[in-house]
1. Order of 164-176, 183-195 by packing, highest average Cβ count within 10 Å first?
2. Give the ranking of Glu83, Glu289 by solvent-accessible surface, highest area first, calculated with a 1.4 Å probe.
3. Scanning the chain for helices, which whole DSSP H stretches are 15 Å or more long along the axis (Cα) and average -1.0 or more by Kyte-Doolittle?
4. Compute the distance from the alpha-carbon center of the range 196-224 to that of the range 32-110, in whole Å.
5. Lysines within cross-link reach of Lys269: Cα-Cα under 16 Å, excluding same-chain residues under 8 positions apart?
6. Mean separation of Cα pairs under 8 Å and 6+ residues apart, divided by the residue count of the range 107-197: what relative contact order is that in percent?
7. Given Cα pairs under 8 Å that are at least 6 residues apart, what percent is the relative contact order of the range 158-306?
8. Rank-order 201-210, 45-54 by packing density, defined as the average count of other C-beta atoms within 10 Å over each peptide's residues, highest first.
Amino acid sequence: MPSTSRNSYSIRRLCLCFLALILTPCSLLSSSAQSFGPGNPAWTTPIAPFKIADNLYYVGSKDLASYLVVTPAGDILINSSLESSPALIEKSIAQLGFRYSDVKILLISHAHFDHDAGSAAIIRSTHAKYMVMDADVPVVESGGAKDFAYPNDHYPPAKVDRVLHDGDEVRLGNTILVAHKTPGHTRGCTTWTTHVNIGGKPQNVVIVGSWNVNEGFRLVDRPGHPASYPGIAADYQHTFAVLMGLPCDVFLGAHGLYFDMLAKLQRMKSGAGENVWIDPAGYKAAVAEREQAYLTELKRQQNTAR
Ligand SMILES: [Zn+2]
């Protein structure tokens, strides 16, 4: 693949992530994209891992979120991130005092390279079972080749051990994670929910898979330009209804930017403690804002199609 292709691909992907920003101006898109090259620096910049709740930890980079769920029967890792990320994730797990080899299950937010390209390496090292939402399985097993938007951009394929369906539970030890299919961004985009305790009180956790319409996604059919995939607009509509209906106390997502992670982390370190992750109002506002952005883009495309 020519490097120009990789570069434009990277810029598109960068947009996908920065479109998630609730508070970041769009002007950041172009300036960040220009300095992107092989990767957004925030995707590869390490940050110290930290505890979110009793058995839930952040082991990702400054923006690419990976989560470790610790149970007596072994651990669950959510998001393998970039092809280069496993070393950072392994180091973060060790820094917390846990063992990389205890990762028994690997999950992802969705089948894009910034969340799943490291899977093959992590599975090779840990022998974790890979569990992926049905409609994302062909994409991860083809190393991205079967993605509807970016079929020419490849990463190491990884074999899926368990195909998940909407509402399936992933259980390990005393922990249950529920896979909610929230398609549109990818066909099998997955929002994870679970329960944790913070300060001795039970909390509903939501880890948003993605809610963004990437540059170049076609939501409507036009003559000679069919939608990115049949039913994509209905999928987004369904996704926003699902997200709006999920009970959420602890608001998390596939990128730190989704839930204003760095600002909350700062407050946590300044003495607010783990309560900073409890943000039901922020969650509702973010879902509403992203839905509005989707509807605006849908309207724009519908008007263009006329
Ligand atoms: Zn994505």
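The values are calculated or read from the model by the stated rules, or taken from the named source; none is laboratory data. For clarity, every value in this text was computed on a predicted model and none was experimentally measured. Positions of Cβ are backbone-derived with ideal geometry, glycine not excepted, and every protein chain shown enters the neighbour counts. Each accessible area value is taken on the protein alone, full model and side chains, heavy atoms only, with ligands, DNA and RNA left out. Shrake-Rupley method; radii C 1.70, N 1.55, O 1.52, S 1.80 Å.
1. Averaged packing, sorted descending, gives the order 183-195, 164-176.
2. I get Glu83, Glu289, largest accessible area first.
3. In the chain, the long hydrophobic H runs are 3-18, 232-245, 280-305.
4. Going from one Cα centre to the other spans 19 Å.
5. Within the straight-line limit of under 16 Å, Lys269 reaches these lysines: Lys51, Lys62.
6. 29 percent
7. Dividing the mean separation by the residue count of the range 158-306 yields 20 percent.
8. Final packing ranking: 201-210, 45-54.
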